[in-house]
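The values are calculated or read from the model by the stated rules, or taken from the named source; none is laboratory data. In this text the structure is predicted, and so the values were computed from the model without any measurement. We place every Cβ from the backbone using ideal geometry, glycine too, and count neighbours over all the protein chains shown.
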Amino acid sequence: MATFIKGMLDGGALPVLERYTQFTAERHKVLTHNIANFSTPFFKPRDLSIGDFQATLADAVDKRRKQVNPTGGPLRVGNTQQVTFGKDGMTTYAEQTNENILFHDQNNRDLERTMQKLAENTLSHNMGIELLKNQFDLLRTAIRERM
């Protein structure tokens, strides 16, 4: 019975969506930390690379598709410079971004761009949560139909 349940929870899109929402949650922390320190002299904003994460996740999905059961089994996501994946979570190492004008207090803040990044990340996170919810609703429906 435990193997059946494990197969339901690590199959399909669930592992991908889980990693995706974990990443957006971690990035949200980084972006809000930047906003909280906008007036701090010598503060340098940080961010996580969306492109690196997406490429790593895409590689893991491609490797999984080449297995005997392309939609089942664990999703083995490789580590990047900024993200280390563990069994149940991830550790992030945000890097400084030097994309803005340096102010007189040695801070290179850009409120509008940071708020845009935060809004985009929030929308991405909410989309991931909704997709996870839909996956669990499908599982719930399948279980109810069997009983």
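This table checks each residue for (1) aromatic (Phe, Trp, Tyr); (2) crowded, with 19+ Cβ neighbours inside 10 Å; (3) closer than 17 Å to GLY128 by Cα.
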site	(1), (2), (3)
TYR20	yes, yes, yes
THR24	no, yes, yes
ILE35	no, no, no
PHE43	yes, no, no
LYS63	no, no, no
THR84	no, no, no
| remark: The one condition ARG64 fails out of (1) under 29 Å from ILE143 (Cβ atoms); (2) basic (Lys, Arg); (3) modelled with pLDDT of 85 or more is (3)
| message | When the residues of the range 34-58 are narrowed to those that are part of a helix (DSSP H, G or I) and either under 18 Å from GLY86 (Cβ atoms) or in contact (Cβ under 8 Å) with a residue 60 or more places away in the chain (or both), which ends up nearest to the chain's Cα centre (by Cα)? | response | PHE53
| So is LEU102 among the aliphatic types (A, V, I, L, M), buried (at least 16 other Cβ atoms within 10 Å of the Cβ), modelled with pLDDT under 80 and in a loop (DSSP other than H, G, I, E, B) or not? | no
| One residue from LEU131, LEU118 being over 16 Å from GLN22 (Cβ atoms), at pLDDT 80 or above, touching a helix residue (DSSP H, G or I) at 6+ places or on another chain (Cβ under 6 Å) and of a type in the set (A, V, I, L, M) | LEU118
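Would the range 70-80 turn up any residue that is over 15 Å from PRO15 (Cα atoms) and modelled with pLDDT of 75 or more?
yes
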